[in-house]
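Chemist: One structure, as structure tokens, below. Some questions next.
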Amino acid sequence: MKFIIAIIKPFKLDEVRDALSALGVAGMTVTEVKGFGRQKGQTEIYRGAEYTTNMLPKVKIELAVSDAMAAQVVETIQQSASTAAIGDGKIFVLDLASATRIRTGETGDTAL
Amino acid sequence: MIRKMLCGAGALGMSLAVSTAAFAQEAAAAAAPTVDKGDTAWMMTSTLLVLMMIMPGLALFYGGLARTKNMLSVMTQVGAVACLAMLIWVAYGYSMSFGNDFSSDFLKQFISNFDKSFLKGVTADSTAATFSEGVAIPEYVFVCFQMTFAAITVALVLGSVVERMKFSAVMVFGAIWLTIVYFPVAHMVWAGSGLFFKMGALDFAGGTVVHINAGVSALVAALILGKRIGYGKEIMAPHSLTMTGIGTGLLWVGWFGFNAGSALEANGSAGLAMMNTFVATAAAGLAWMATEKVAGHKPSALGFCSGIIAGLVAVTPAAGNSGPLGAIVLGALAAVICYLAVTKLKGKFGYDDALDAFGVHGIGGMIGAIGTGVVYSSALGGPAGADWVMADQLKTQVLAVVTTIVWATVGTAVSIYVAKALTGLRVSPEVEREGLDLGEHGERAYNY
């Protein structure tokens with residue numbers, strides 16, 4: 001099993017979700033996050049007081065998938081989240097040691 | 001335009017002048033004044049409009065500019081000092097500002113005596129004179145109208161000291177400040193025996209009494225109190241410009257009670273004040289944003305709101321003392337200068353006037369008070385008579401402004417140090433970091 005973490009632009013979330021659903025991904029966890037990479041921040045001015053924010057809002061998607069699906073999921077996220085501009089985000093893939101469905105106690109791929 | 005207040009029983013013909021003493025003071029009318037129901041209804045409406053400026057207008061305007069963790073403390077402080085002012089006003093404030101004259105010629109220029117404490121002698125039949133000969137409004141209505149002015153002025157001062165001043169210190173400061181600063185200055189400007197009134201200073205709705213007074217006091221209080229922890233280093237962006245925008249709208253609408261109500265009658269003078277309160281404000285809102293654009297920035301929402309307030313402040317003394325064209329120029333000028341005050345002056349001197357009470361009310365008030373000496377001219381569409389001399393009027397205006405600045409500075413310093421001795425001024429650094437909402441009031445503004 002693989003654990004996939006993707007940091008994407010917030011407005012791309014629905015597209016990514018639809019594309020993954022079409023692929024048969026049954027669930028994911030989404031968090032609003034802030035961070036920085038190569039994309040530069042924004043400057044805000046309030047009555048002359050200037051604040052530069054170099055942390056930009058992003059959305060973090062976390063999902064666990066079977067080994068067989070992992071490559072396809074990563075490719076789908078990459079394609080659906082891309083705008084081809086700086087700040088599109090990153091996808092990380094980790095090995096996942098175990099998964100348990102709380103309701104039934106099922107483990108492994110069947111728990112996903 | 002002489003405002004006379006005839007005491008119900010005595011009909012002493014005491015003059016409470018507001019705008020101009022350019023004309024000789026007329027003798028008190030011998031006949032009993034007429035109370036017009038239309039005037040009375042308008043003045044009661046105006047009184048409530050000014051209350052709306054405080055709650056929720058100023059509370060939201062200021063609250064939105066503060067950080068999330070201090071929203072409730074700002075709203076609570078604004079509301080609480082306003083309530084305090086109302087009680088003190090009835091106790092002795094009205095008497096000190098608009099009561100009977102002291103026999104001492106020197107003393108009566110600064111305050112009136114305490115005979116009307118707890119509104120002694122005021123009944124439903126007592127009247128207060130308006131600007132028209134023989135026309136009066138019920139004294140209770142006049143007392144209430146002026147009460148809201150005292151309440152909003154002390155609340156305005158708090159704009160510079162929020163996010164760090166103790167609630168208890170705010171209350172002590174408020175009580176003393178009203179007593180030694182607001183009531184005397186209100187008397188000096190608006191009472192017939194008052195110093196500025198006798199000098200012939202023009203102040204239609206309180207440019208000196210309310211705005212210069214509050215703005216300068218705010219600066220002095222902020223200087224004594226010191227900066228907020230992290231000022232200039234941490235982000236202190238307004239937590240909700242939406243709230244500030246709503247507050248701005250409520251203030252603008254309420255300001256018609258403030259300015260047009262200061263005519264004391266529902267008549268053409270009130271109509272002129274209303275007109276000017278529209279156009280000076282509109283010009284100022286746009287002028288502030290234009291100034292931002294010229295300075296190389298984006299025309300901002302906060303800039304728009306700040307311009308609106310700067311325009312309202314500047315037109316306050318000029319409301320019934322200017323033609324619409326003069327008001328437009330005055331409003332636009334005030335916006336440009338206030339913009340420079342809050343963006344450049346504040347940075348240069350490094351004082352932490354948290355919500356720019358001095359930059360907008362103090363500076364805008366000075367522009368308005370001095371500018372009134374110009375726009376009053378009939379050449380600019382103002383109501384001045386033929387024998388009016390601008391240079392003389394300007395001298396009087398400047399003298400009134402300078403005196404108010406000195407009075408407010410000294411009085412505020414005294415009030416703040418008394419509060420410091422009694423309660424201590426600042427919350428602990430832990431409370432300041434965590435926010436005054438939790439530290440001083442035990443609540444959060446937003447529980448998502």
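Chemist: For the stretch B:271-296, how many residues are in contact with a helix residue (DSSP H, G or I) (Cβ under 8 Å, 6 or more places away or on another chain) and outside any helix (DSSP H, G or I)?
Modeler: Going through the stretch B:271-296 one residue at a time, the tally reaches 1.
Chemist: Do we find a residue being free of Cβ contacts under 8 Å to residues at least 24 places away in the same chain and surrounded by fewer than 20 Cβ atoms within 10 Å (Cβ to Cβ) anywhere in the stretch B:190-208?
Modeler: The answer is no, given that none of the residues of the stretch B:190-208 is free of Cβ contacts under 8 Å to residues at least 24 places away in the same chain and surrounded by fewer than 20 Cβ atoms within 10 Å (Cβ to Cβ).
Chemist: Right, here's the next one. Going through A:50, A:62 one at a time, which residue ends up being closer than 30 Å to residue A:101 by Cα and either of a type outside the set (A, V, I, L, M) or within 14 Å of chain B (Cβ to nearest Cβ) (or both)?
Modeler: After applying the criteria, what remains is A:62.
Chemist: Something else about it: If you take just the strands (runs of 3 or more DSSP E) that sit entirely in chain A, which of them hold at least 1 residues that are under 11 Å from the mean Cα position of the chain (by Cα)?
Modeler: Because the criterion is at least 1 residues that are under 11 Å from the mean Cα position of the chain (by Cα), the strands (runs of 3 or more DSSP E) in chain A that meet it are A:2-8, A:29-35, A:56-65, A:89-95.
Chemist: I need the full set of residues from the stretch B:31-76 which are under 24 Å from residue B:228 (Cα atoms) and of a type in the set (Lys, Arg), in order please.
Modeler: Of everything in the stretch B:31-76, those that are under 24 Å from residue B:228 (Cα atoms) and of a type in the set (Lys, Arg) turn out to be B:67, B:69.
Chemist: Separate question: In the stretch B:88-126, what count of residues is obtained for those that are in contact with a Ser or Thr (Cβ under 9 Å, 6 or more places away or on another chain) and of a type in the set (Ser, Thr, Tyr)?
Modeler: 6
Chemist: Looking for something out of contact with any Phe, Trp or Tyr (no Cβ under 6 Å at 6 or more places or on another chain), free of Cβ contacts under 8 Å to residues at least 60 places away in the same chain, among the acidic types (Asp, Glu) and part of a loop (DSSP other than H, G, I, E, B) - is there at least one such residue anywhere in the stretch B:251-267?
Modeler: no
Chemist: When the residues of the stretch B:289-304 are narrowed to those that are within 10 Å of chain A (Cβ to nearest Cβ) and closer than 24 Å to residue B:259 by Cβ, which ends up surrounded by the fewest Cβ atoms within 10 Å (Cβ to Cβ)?
Modeler: So the residue we want is B:302.
Chemist: Determine whether residue B:335 is within 11 Å of another protein chain (Cβ to nearest Cβ), modelled with pLDDT of 95 or more and assigned to a helix (DSSP H, G or I).
Modeler: On the way: within 11 Å of another protein chain (Cβ to nearest Cβ): no; modelled with pLDDT of 95 or more: yes; assigned to a helix (DSSP H, G or I): yes.
No, not satisfied.
Chemist: Given the structure, is residue B:314 in contact with a helix residue (DSSP H, G or I) (Cβ under 7 Å, 6 or more places away or on another chain), more than 14 Å from chain A (Cβ to nearest Cβ), buried (at least 19 other Cβ atoms within 10 Å of the Cβ) and assigned to a helix (DSSP H, G or I)?
Modeler: It is true that residue B:314 is in contact with a helix residue (DSSP H, G or I) (Cβ under 7 Å, 6 or more places away or on another chain), more than 14 Å from chain A (Cβ to nearest Cβ), buried (at least 19 other Cβ atoms within 10 Å of the Cβ) and assigned to a helix (DSSP H, G or I).
Chemist: Considering the stretch B:100-129 alone, what residues qualify as being out of contact with any Phe, Trp or Tyr (no Cβ under 7 Å at 6 or more places or on another chain) and buried (at least 16 other Cβ atoms within 10 Å of the Cβ)?
Modeler: B:100, B:101, B:102, B:109, B:110, B:121, B:126, B:127, B:129
Chemist: Just checking, which of B:363, B:416, B:370 is among the hydrophobic types (A, V, I, L, M, F, W, C) and under 21 Å from residue B:290 (Cα atoms)?
Modeler: None of the others qualify; the one that does is B:363.
Chemist: Report every pair of residues separated by at least 6 positions or lying on different chains whose Cβ atoms are under 8 Å apart, first residue within the stretch B:433-448 and in a loop (DSSP other than H, G, I, E, B), second among the hydroxyl-bearing types (Ser, Thr, Tyr).
Modeler: Matching pairs, first to second residue: B:435/B:68; B:435/B:73; B:445/B:68; B:446/B:68.
Chemist: Limited to the stretch B:398-416, what total is found for residues that are under 17 Å from the mean Cα position of the chain (by Cα) and surrounded by 14 or more Cβ atoms within 10 Å (Cβ to Cβ)?
Modeler: Residues in the stretch B:398-416 being under 17 Å from the mean Cα position of the chain (by Cα) and surrounded by 14 or more Cβ atoms within 10 Å (Cβ to Cβ): 10 in total.
Chemist: Now for a different question. Pairs needed: first member in the stretch A:11-38, loosely packed, with under 13 Cβ neighbours inside 10 Å; second member anywhere, assigned to a strand (DSSP E or B) and β-branched (Val, Ile, Thr); C-beta distance under 9 Å; at least 6 residues apart or different chains.
Modeler: Close Cβ pairs (under 9 Å, with a partner that is assigned to a strand (DSSP E or B) and β-branched (Val, Ile, Thr)) amount to A:11/A:59; A:29/A:61; A:31/A:59; A:31/A:61; A:32/A:59; A:34/A:53.
Chemist: Follow-up question, since we're still on this one. When you scan the stretch B:347-361, do you find a residue that is away from chain A (no Cβ under 14 Å) and surrounded by fewer than 23 Cβ atoms within 10 Å (Cβ to Cβ), even just one?
Modeler: no
The values are calculated or read from the model by the stated rules, or taken from the named source; none is laboratory data. The model shown is predicted, which means the values in this text are computed figures rather than measured ones. Here the Cβ is made from the backbone with ideal geometry for all residues, glycine too, and neighbour counts use every protein chain on show.
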